[in-house]
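Working notes, beginning with the structure itself.
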Amino acid sequence: MSIRILSLGLRIFMVIACQYVSALAAEPAPIAKPSSGELTTKAWIVHGKRDIDLTFKYTQECIDLYRQQADKEQASLNALPKNKKEIEAVQALNDVATCYFIQAESLMRQEKLDEAKKIFKLIVDKYSYGQAWDPRGWFWSIKLASEQSIKKIETGSIEVEQKKKVSQLPTKVVLYDPGTESFVDYAKYGEFKDIGTKDYKYLIVDQPGLMAAVGEGVYPNSGAIRKDPELKKAVKEKRLEGDLWDFVYSPDLEAAFLKWATSSEPQGVRLFCTGLILERSGLITQALKCYYSIVVHFPGSYGWTYWHTPWYVGQAAIAKINFLLKRNPQLGYKLEGAQIDIINGFDNDISNDLAITKPGKFVKVDLAQEAAKIKPTADSLKIKKKVGKGKVRLVQYDNDDWQLLVDDKPYIIKGITYAPTKVGQSPDEGTLGNWMEEDFNKNGKIDGPYDAFIDKNKNNLQDADEPAIGDFKLMQDMGVNTIRLYHHPLKVNKQLLRDLYNTYGIRVMMGDFLGKYAIGSGASWNPGTDYNNEAHKKNMIESVKKMVNEFKDEPYILFWLLGNENVYGYACNANEQPEAFFKFANEVAKIIKSIDPEHPVAICSGDILFLDKFGRNAPDIDMFGTNAYRGDYGFGAFWRQVKEEADKPAFITEFGCPAYAEGKNPDESEELQAQYHLGSWDDIQGNMAFSGGSGNALGGVVFEYLDEWWKAYEPAIHDTKGLWAGPFPDGYMHEEWLGMSGQGDGKLSPFLRQLRKVYYMYQRKWQ
């Protein structure tokens, strides 16, 4: 398990009840003996089709063939496997547990509750380490899902008492050796060689002097912590026992610091996580020293994400430094000239990576002088490039900055994903409704857009002073000017969107999935859309043409959006054939422009994966959009990389943070969510035209407006379990808690709204 930087993605239209697949790679097997993965896949499909006989046929065949191996794999473990590689190593266990789970689910559907409960309990008792693959990108614990189902059978209630870890009392780090310098002058202690090349290195000349300057926990003074008397104390108190990664977000910051600073992790990863802990303890200058030590000594270092994809620590360290210096202007420093480029770093292969390093240096700044500097404006520069001829177009100025113009006025994308799902609905169960049509109170108005109300006192009731306002008005008051929407697979209510625009001034970026989740291509979920398949391509082109012809004259259309992080490869092969995908996307962009020259075309990719291939193969796509979840410090080198690799304006198509954090009360969790979003938006704003950054940021799309309760598998329960490890307040993504608003206890869904701190943060920033 490691720091997660890749995007989770917009996972709202999962036509998978009958296409659910196991993504675990099966070992070659004789034809007469199907693999456990094949049988599990078949079982999910027929279970989705409500074919009871075939469901039990395939599940029992898998259990009979692989139960003995599953038992061995369960016995070999003493903890839940934490990363994809470890999980895939126990495939028989995962598939046998999954097949038992499918059987129990089928029995529940038949209202054979005692039989279902017996199997759920079997899973809990015998296969507690089994995990099932969600084709949206992660594994989930079959034991936890079984425990929830048992609770529901026993009580008949959706009210589940969420388990919480017993947290230790919060502690702070008190440094035994804080070092002699707050901002270390490395030139005093060594020599920088071959700056700006692949052969860069820093040669230490005065190691004792450098060790004294940096203090404990910072390379090369990592060993000094052994002298810290708190280390022996913590060992004696057994506060350092447990998995290293569980300490990153522990409230016992002192133990976390001691654990990480003495760990055997690679130096770059160790320094970064030590810096995170120091930062959370308020020791900002010591954290800065940790991060900068990575840049100086280990610029090409990398870690691995939950998905076993590379995470480049040096680039993240520079972003962290810049973020902390902006947040702490009283320090009076900036990092000047620091840049790390990873040649061949836009794929998942680290074997050919080369780090080109410019370590830069800390320089003192006069804040008054910095603020007084005259920045260029649109009026002071000439436009050197125009993209598009309609009311919505793009311009690039002489200084290479970009702007999106609507009716000749600059337009900042203040976007949000709006998909108000009623508690209890789920696409996984085939019960997801169309929010653009639903009218549960039968008053002739669409529920979410017009009948939502603010539960101001959070008593889960609609009191007399809490009238219906509607989400459209609430989004307008928040400052939203754009929503992200796909024209399929659900019907689009044009009249509703016209009112969204005419009454509330909110436009729509209209998207086509371009074969992601096999939508629009005619492919099955497994193996998914093939971007070299002419039949698939023809189907997708027809889907896009239908979208453009149907909506091109609608006044609310801002621009067209292609795909949804297709490069991650779920139900499509864009991860295996990225050039074919981007070439096809470019072909589609040209077709769109031949039908509608009035609106630009953007792509929705997955972070910067294969960015170089996009730059080479998609010249007719006007904007680079991407889903990115990198942490509370923004998006790092993203803007510069897009500018250099593709010379395109860019925006974030999806970013967000849960309003739940293990060990924190609701108020604290909401504040952490708001701070995460503040860091993200400040980074976007700092890279807009004439802001001093890369100048190509057009805005961003917040994910999302309202909590969706189905995303952790039981749609009537507001689950708090973490789905995957990532850079969030407690180290995990809690997918059901991403909303700017919650739905309370769910009983008055889809009407009740409990607005969070982050809503008001954006209201201040966007208004």
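Here are the numbers for this structure:
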{"item": "Close pairs (6 angstrom Cβ cut-off, 6 or more residues apart or separate chains): aromatic (F, W, Y) in the range 31-56, surrounded by 19 or more Cβ atoms within 10 Å (Cβ to Cβ) anywhere", "result": "W44/Y20"}
{"item": "Verdict on D347 being charged (D, E, K, R) and in a loop (DSSP other than H, G, I, E, B)", "result": "yes"}
{"item": "Residue within the range 628-637 that is closer than 19 Å to R280 by Cα, crowded, with 24+ Cβ neighbours inside 10 Å and of a type in the set (A, V, I, L, M, F, W, C) present", "result": "no"}
{"item": "Residue in the range 410-426 that is small (G, A, S) and free of Cβ contacts under 8 Å to residues at least 12 places away in the same chain present", "result": "no"}
{"item": "Spans of helices (runs of 4 or more DSSP H) in the range 575-653 with at least 2 residues within 22 Å of D530 (Cβ to Cβ)", "result": "578-595, 611-617"}
{"item": "Some residue of the range 666-685 being in contact (Cβ under 8 Å) with a residue 12 or more places away in the chain, in a loop (DSSP other than H, G, I, E, B) and hydrophobic (A, V, I, L, M, F, W, C)", "result": "no"}
{"item": "Looking only at the range 147-190, and only at residues there that are small (G, A, S) and at pLDDT below 90, the one that is surrounded by the most Cβ atoms within 10 Å (Cβ to Cβ)", "result": "S149"}
{"item": "Single residue of Y291, Y249 found to be more than 12 Å from V173 (Cα to Cα) and either buried (at least 24 other Cβ atoms within 10 Å of the Cβ) or not assigned by TED's automatic domain parsing to the domain that holds I318 (or both)", "result": "Y291"}
{"item": "Strands (runs of 3 or more DSSP E) completely within the range 350-453 that count 1 or more residues being over 25 Å from the mean Cα position of the chain (by Cα) and at pLDDT 95 or above", "result": "354-358, 361-364, 383-387, 392-397, 402-406"}
{"item": "Matching residues in the range 705-729 - criterion: being under 11 Å from C657 (Cβ atoms) and either over 13 Å from the mean Cα position of the chain (by Cα) or modelled with pLDDT of 90 or more (or both)", "result": "P727, F728, P729"}
{"item": "Of residues in the range 225-246 being out of contact with any Phe, Trp or Tyr (no Cβ under 9 Å at 6 or more places or on another chain) and either outside the structural domain of Y312 (by TED's automatic domain parsing) or not in a helix (DSSP H, G or I) (or both), the one surrounded by the most Cβ atoms within 10 Å (Cβ to Cβ)", "result": "R239"}
{"item": "Complete set of residues in the range 558-570 that are in contact (Cβ under 8 Å) with a residue 60 or more places away in the chain and outside any loop (DSSP other than H, G, I, E, B)", "result": "L558, F559, L561, Y568"}
{"item": "Residues that are of a type in the set (D, E, K, R) and more than 26 Å from F183 (Cβ to Cβ), drawn from the range 218-268", "result": "K232, K233, K236, E237, K238, R239, E241, D243, D246, D252, K259"}
{"item": "Among (1) surrounded by fewer than 24 Cβ atoms within 10 Å (Cβ to Cβ); (2) farther than 21 Å from G625 by Cα; (3) touching a strand residue (DSSP E or B) at 6+ places or on another chain (Cβ under 9 Å); (4) not hydroxyl-bearing (S, T, Y) - the single one E714 does not satisfy", "result": "(3)"}
{"item": "Out of D596, D553, sole residue that is among the acidic types (D, E), under 14 Å from H487 (Cβ atoms) and modelled with pLDDT of 95 or more", "result": "D596"}
{"item": "Members of the range 701-732 that are closer than 27 Å to M509 by Cβ and of a type in the set (V, I, T)", "result": "V701, V702"}
{"item": "Residue count, the range 297-321 (criterion: farther than 30 Å from L723 by Cα and surrounded by fewer than 24 Cβ atoms within 10 Å (Cβ to Cβ))", "result": "2"}
{"item": "The range 257-272 - residue that is touching a residue at least 60 places away in the same chain (Cβ under 8 Å) and crowded, with 22+ Cβ neighbours inside 10 Å and, of those, nearest to G303 (Cα to Cα)", "result": "F272"}
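Rundown of residues vs (1) crowded, with 19+ Cβ neighbours inside 10 Å; (2) outside the structural domain of Y306 (by TED's automatic domain parsing); (3) closer than 22 Å to S149 by Cβ, yes/no style:
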{"residue": "V46", "(1), (2), (3)": "yes, yes, yes"}
{"residue": "K49", "(1), (2), (3)": "no, yes, yes"}
{"residue": "Q91", "(1), (2), (3)": "yes, yes, no"}
{"residue": "R109", "(1), (2), (3)": "no, yes, yes"}
{"residue": "E115", "(1), (2), (3)": "no, yes, yes"}
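Condition check ((1) outside the structural domain of G282 (by TED's automatic domain parsing); (2) in contact with a Pro (Cβ under 8 Å, 6 or more places away or on another chain); (3) free of Cβ contacts under 8 Å to residues at least 60 places away in the same chain; (4) within 16 Å of K361 (Cβ to Cβ)) across all residues:
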{"residue": "D194", "(1), (2), (3), (4)": "no, no, yes, no"}
{"residue": "Y202", "(1), (2), (3), (4)": "no, yes, no, yes"}
{"residue": "P208", "(1), (2), (3), (4)": "no, no, yes, no"}
{"residue": "M211", "(1), (2), (3), (4)": "no, yes, yes, no"}
{"residue": "E216", "(1), (2), (3), (4)": "no, yes, yes, no"}
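The values are calculated or read from the model by the stated rules, or taken from the named source; none is laboratory data. For clarity, every value in this text was computed on a predicted model and none was experimentally measured. All Cβ positions, even for glycine, are placed from backbone atoms using ideal geometry, and neighbour counts span all protein chains on display.
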